[in-house]
Amino acid sequence: YLELPVLGKMVRRPAKLDRQLARDIKALAHRDDPYDTIIGKTMCTYDFYEGQGRMDGAFCEFTENDKMEYLNKLHKAGVVNIEMESLSFAALTHHAGIKSAVVCVTLIDRFKGDQVLAPKEVLDEWQIRPQQLIARYITRYLQRKGRLSLEGHGSMCVKSPRRFKLVQQESENYD
């Protein structure tokens, strides 16, 4: 559950994700992708340091052994990723009646350290990977719905030309 204040009262919203959607997305991973695509549990925390068991923050009231014990416990429970956004995302999409799944890039092996040391170019490449996977899913979904044809030049079947033009104009304004 996500607990959030609404008009001064705490509200609990279920944070549910769609397992079949996760499987459908994973099925679109290619064998020649230069990375592994796995399904596992994501643990969501409220902060980057203590909540994720990092020892390099401003405060740390646990030992390296405590941290490793905790990470092993998470690993045994099937947790493959720790981040800070998925709880809100899952609660929001579930509340809106939208099927959703979380797709993340794991930047570091927490058993080997706490610091993100990869160069910016590498991090930029890694952040494109889930976008490519989701783009495959969206393409397949639109093809199945008959809204996207990849024949010829990849033309789209536009249901609302007015809306398409508006989105196109807004996109140009942000460039």
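Bear in mind these aren't lab numbers, they're just calculated from the coordinates by the rules spelled out. Being a predicted model, the structure only gives us computed values, none of them experimental. Here the Cβ positions follow ideal geometry from the backbone for every residue, glycine too, while neighbour counts run over all protein chains shown.
Give me the tail of P(r) for the stretch 13-112 as a percent: Cα-Cα pairs with distance above 17 Å. That tail contains 59 percent of the Cα-Cα pairs. Along the axis of the charge dipole computed for the stretch 24-122 (Cβ charges of +1 for Lys and Arg, -1 for Asp and Glu, origin at the Cα centre), the listed residues I108, F62, G78 are led at the positive end by G78. Within the same chain, lysines fewer than 8 places from K16 are excluded, and of the rest, those with a Cα less than 26 Å from its Cα are K26, K41, K73, K76, K99, K145. Close amide H contacts of M43 (hydrogens built in the peptide plane, cut-off under 5 Å, sequence separation of 5 or more or a different chain): V80, N81, I82, E83. Each label point was placed 7 Å from the Cα along the Cα-to-Cβ direction; for W126 and K26 their separation is 2.1 nm. Coupling constants for the stretch 120-126 follow from the phi torsions by the Karplus curve (6.51 cos²θ - 1.76 cosθ + 1.60, θ = phi - 60°), and in residue order they are 3, 4, 5, 4, 4, 5, 4 Hz; glycine and proline get x. The trypsin sites (Lys or Arg not before Pro) of the stretch 1-46 meeting both criteria, a DSSP state outside H, G, I, E and B (loop) and at most 12 other C-beta atoms within 10 angstrom of the site's C-beta, are R31.
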